[in-house]
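Participant: Handing you this structure, nothing more for now.
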Amino acid sequence: MAEKGTIEVSGLKELAKRLAEIDEAIQKRIGRSGTNAAAQVIRRRAIANVKAQSTRTGTLAKSIIIKYIMPSESRHDSEHIVTVRGRGKKGKTLPVAWYAHFVEFGTVTMPAEPFLRPAFDAGKEEAISALKAKLTDRLNKENHK
């Protein structure tokens, strides 16, 4: 089974104080925008990894997505994951890379060409910076309303 990579951010006392001063619904929107910004960093790196490793990258690269996890399914206030679309939706022609786990982990006859885990490992500090920047930006905009 795949290992989860989690980024926990601490040391944001000033931002937390500022968040506490605004409406809860706005807090949630700001939090979602922050975690989405962090996930975008990892997604871009994963796509770059796929493109660097192989010449047949179209479907796999286009299948790397960000998914918002609903609070009822998560123990966090805001959670996004970077994953690969493994099956399509009825009536939609979205790129689907059902074979992504074979590429990431390899098979008996094919060596692994990991693209997601290295994206996370290399991009987590940049993702934290993107999260902080997005939170700060959104809070500043909210305070100027």
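Participant: At a threshold of 8 angstrom on Cα-Cα distance, excluding pairs fewer than six apart, so keeping six or more, what relative contact order does region 25-138 reach in percent?
Facilitator: 35 percent
Participant: How would you classify region 93-145 from its alpha-carbon gyration tensor, with a ≥ b ≥ c the square roots of the eigenvalues: rounded for a/c under 1.5, else prolate if a/b is greater than b/c, otherwise oblate?
Facilitator: Since a/c reaches 1.5 but b/c is at least a/b, the shape of region 93-145 is classed as oblate.
Participant: Between Ala20 and Glu125, what's the calculated FRET efficiency when r is the beta-carbon distance and R0 is 25 Å? Round to 0.05.
Facilitator: 0.45
Participant: Next question. Where does each of 63-71, 79-87 land if you order them by average Cβ count within 10 Å, highest first? Intermediate values should be presented prior to the final figure.
Facilitator: Details: 63-71: 15.1, 79-87: 17.4.
The packing order, highest mean first, is 79-87, 63-71.
Participant: Amide H of Ile65: which non-local residues (sequence gap of 5 or more, or other chain) have their own amide H closer than 5 Å, using H built in the peptide plane?
Facilitator: Thr83, Val84, Arg85
Participant: Can you pull the percent of Cα pairs in region 25-138 with separation above 17 Å?
Facilitator: 59 percent
Participant: A follow-up question, please. Going by how many other beta carbons lie within 10 Å of each one, how would you line up Phe120, Phe115, fewest first? Walk me through the intermediate numbers first.
Facilitator: Numbers: Phe120 20, Phe115 25.
By the 10 Å Cβ count, ascending: Phe120, Phe115.
Participant: Turning to a different aspect of this structure: Which one of Ser63, Leu131, Pro111 has its Cα pushed farthest toward the positive end of the charge dipole of region 25-138, where Lys and Arg give +1 and Asp and Glu give -1 at the Cβ?
Facilitator: Going by the Cα projections, it comes out as Ser63.
Taken together, the values in this text are just the output of simple stated rules run on the coordinates, not laboratory data. Nothing here was measured: the structure is a model prediction, and the numbers come from that model. As a convention, Cβ positions derive from the backbone with ideal geometry for all residues, glycine included, and neighbour counts pool all protein chains shown.
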